[in-house]
Amino acid sequence: MNLLNTRPNIADADGFFAELVATHEELSAEASAALNARLVLLLANHIGDRQVLSEALQAAAMSARAR
Amino acid sequence: MTRIFETPLYPYTHVPDQDAVAPVRHKVVVIGAGPVGLAAAIDLAQRDIPVLVVDDNDRVSFGSRAICFAKRSLEILDRLGCGQPMVDRGVVWNTGKVFLDDAQVFAFDLLPEDGHRRPAFINLQQYHLEYHMVERLQALAAAGKPVELRGRHRVHAIGQHEDHVRLEIETPDGPYSLEADWVIACDGANSPTRRMLGLDFVGRVFEDNFLIADVVMEADFPTERWFWFDPPFNRGQSALLHRQPDNVWRIDLQLGRDIDKEAEKAPERVIPRLKAMLGEDVAFELEWVSIYTFQCRRMERFRHGRVIFAGDAAHQVSPFGARGANSGLHDADNLCWKLAHVLEGRAPEALLDSYNWERVWGADENILNSTRSTEVITPKSEASRLFRDAVLDLAAHHAFARPMVNSGRLSVPCTYDDGPLNTDDTTALPARTRPGAPAPDAPLGEGWLLGALGQGFTILAIDTDAPERVIEAGLEARTLRASARDNPHLAARYLGEAGSAVYLIRPDQHVAARWERFDAPALRAALRRAAALSTQEALA
């Protein structure tokens with residue numbers, strides 16, 4: 001892990017979080033999952049860098065809370 | 001009218017071998033007269049290596065089966081002396097289109113540059129391809145080349161020995177035995193040879209069923225590959241439409257899992273499906289219907305002693321990408337010059353292990369591509385389907401997602417990077433012609449570069465001098481001189497920024513080594529290495 005920026009990087013973090021949740025409002029679980037999939041692909045393409053993407057996938061896979 | 005695949009082209013005949021007191025020894029026996037076995041036999045015969053093909057059948061394959069033959073395969077067929085009749089008969093195409101529902105989301109051009117003799121693809125029924133290959137083989141035999149094709153001579157037992165293979169052969173006149181120095185098994189995905197030798201064939205099995213229907217109709221669809229995800233006429237599934245010669249159209253409809261195969265094959269089930277796709281008023285006739293599932297798998301090793309496996313017998317892929325028959329032709333192309341060199345005592349058996357290395361590499365590349373396409377076409381999990389559908393939805397609105405719509409990545413020859421026969425590259429010449437790569441074609445004089453390469457090793461000297469030939473340890477390389485001045489295709493593909501180049505090209509037209517100028521000791525060393533004469537390290 002060295003290319004993926006995991007430090008705070010969004011100027012208006014609270015605003016972004018609220019917008020993310022609002023975008024999913026009133027969606028079924030299925031439609032919400034589909035929206036997330038489209039969002040992941042859009043963001044991944046914007047990032048482009050394969051190494052960063054691999055690091056992000058690993059970071060996401062490893063940060064699941066033990067339940 | 002009797003159709004070509006119903007006509008015995010090499011009917012059973014009783015041969016003297018059947019009456020011999022002791023089994024007759026042959027140099028090479030090829031098992032199976034499909035595209036791969038025929039390619040191997042033609043290649044060896046052209047090299048004056050005696051070769052016998054035994055086939056359990058006496059005619060070309062039933063139904064169109066493999067239909068897409070890629071540029072590299074056509075170049076191989078050109079070298080085998082039967083490329084032109086295929087191209088004359090086939091339908092040429094370069095463009096693929098992908099539709100979601102009823103709207104186009106993506107189009108691709110498989111040959112976005114000119115300066116090649118052959119197109120990206122032709123579509124040709126496998127029976128036509130085999131017919132022209134049988135014709136070529138018979139012409140070679142008639143001209144005195146040492147090749148023979150025996151129909152309805154079925155191998156039913158095989159035994160490996162130190163210096164030969166013994167084959168028990170069943171015929172309409174009863175059994176007989178043969179011996180062979182080498183056997184090439186090209187007997188297909190269900191290879192009886194593989195089974196008789198008790199060899200593995202592991203990989204992934206996919207559960208979705210696909211319906212193939214070849215229909216004869218007058219239609220004005222363009223000569224392109226059309227692929228649909230979730231079309232109105234086959235909801236939730238995929239579909240493929242492809243043109244073949246003689247007004248035959250290949251239609252491939254995904255049916256899903258857990259279906260009744262026999263019921264789905266019945267015309268009363270097939271015809272309504274086709275009408276839903278083509279329209280109620282389109283008149284068509286069914287030529288061939290088949291339902292298939294597919295596997296992506298390979299043998300662990302393609303060489304087992306004196307038995308060498310090629311084509312579907314050695315590896316199997318899904319049909320998306322046309323990587324089955326095409327890669328089988330690459331196998332034969334890779335193997336035959338090597339076997340000829342070994343049989344002529346000009347190279348050690350280690351050269352045959354390089355066949356294993358290079359074609360396992362090729363098979364893995366094909367299996368990877370084919371598996372990825374299959375994953376998109378038949379998602380195996382909810383998450384996989386979720387992302388596949390996300391790609392399709394995005395592709396309708398955003399350019400970035402369109403290349404991600406994987407409806408099959410179509411066959412291209414692989415580059416044997418780090419292959420055991422390559423000489424390390426220290427030049428800054430173009431990447432596409434690096435050692436291990438198939439030499440790309442380019443115009444040359446009145447003809448084409450690939451047509452000017454011989455059947456042996458070639459030294460391609462571009463805008464620099466090289467001796468007419470180099471002989472090293474029984475190996476021979478002949479020089480082909482060319483100039484890239486006023487030849488921008490040759491310059492771009494072989495020189496890049498450099499002013500000159502010398503390429504050592506193998507008999508299968510893959511690059512073995514290259515330099516900017518002729519260097520005799522380096523070339524001699526590269527030639528030895530390309531024939532496994534200096535490869536001391538064990539091959540994987």
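The values are calculated or read from the model by the stated rules, or taken from the named source; none is laboratory data. All of these numbers come straight from a predicted model, not from anything done at the bench. Because the Cβ atoms are built from the backbone with ideal geometry, glycine has one as well, and the counts that use them run over all protein chains shown.
Tabulated data
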| read-out | value |
| --- | --- |
| B:D418 being under 22 Å from the mean Cα position of the chain (by Cα) and farther than 30 Å from B:D48 by Cβ | yes |
| Residue, surrounded by the fewest Cβ atoms within 10 Å (Cβ to Cβ), within region B:361-400, restricted to residues that are within 14 Å of chain A (Cβ to nearest Cβ) and of a type in the set (S, T, N, Q) | B:S381 |
| Unique match (being out of contact with any strand residue (DSSP E or B) (no Cβ under 7 Å at 6 or more places or on another chain), under 16 Å from B:A390 (Cα atoms) and within 14 Å of chain B (Cβ to nearest Cβ)) among A:L57, A:L53, A:L43 | A:L43 |
| Condition met for B:D364 (within 30 Å of B:A526 (Cβ to Cβ) and within 18 Å of the chain's Cα centre (by Cα)) | yes |
| Residues within region B:287-317 that are of a type in the set (F, W, Y), under 21 Å from the mean Cα position of the chain (by Cα) and either farther than 13 Å from B:D331 by Cα or in a strand (DSSP E or B) (or both), tallied | 3 |
| Among (1) in contact with a strand residue (DSSP E or B) (Cβ under 6 Å, 6 or more places away or on another chain); (2) more than 30 Å from B:G236 (Cα to Cα), the one test that B:Y292 misses | (2) |
| Residue match in region A:6-19 (condition: within 14 Å of chain B (Cβ to nearest Cβ), without any contact (Cβ under 8 Å) to a residue 60 or more places away in the chain, outside any loop (DSSP other than H, G, I, E, B) and not charged (D, E, K, R)) | no |
| Filter result for B:F233 (among the aromatic types (F, W, Y), farther than 27 Å from B:F5 by Cα, crowded, with 20+ Cβ neighbours inside 10 Å and in contact (Cβ under 8 Å) with a residue 12 or more places away in the chain) | no |
| Hey, B:G445 buried (at least 22 other Cβ atoms within 10 Å of the Cβ), on the phi > 0 side of the Ramachandran plot and either modelled with pLDDT of 95 or more or away from chain A (no Cβ under 14 Å) (or both) or not | no |
| B:Q126 vs. criteria polar (S, T, N, Q) and out of contact with any strand residue (DSSP E or B) (no Cβ under 6 Å at 6 or more places or on another chain) | yes |
| Boolean, B:S290 is in contact (Cβ under 8 Å) with a residue 40 or more places away in the chain, among the hydroxyl-bearing types (S, T, Y) and assigned by TED's automatic domain parsing to the domain that holds B:S64 | no |
| Residue ranges of helices (runs of 4 or more DSSP H) in region B:1-99 with at least 2 members of a type in the set (D, E, K, R) and more than 14 Å from the chain's Cα centre (by Cα) | B:83-89 |
| Residue that is nearest to the other protein chains (Cβ to nearest Cβ), among those in region B:401-418 that are surrounded by fewer than 18 Cβ atoms within 10 Å (Cβ to Cβ) and at pLDDT 95 or above | B:D417 |
| Unmet criterion (only one of (1) in contact with a Leu (Cβ under 7 Å, 6 or more places away or on another chain); (2) outside the structural domain of B:D508 (by TED's automatic domain parsing); (3) charged (D, E, K, R)) for B:D441 | (2) |
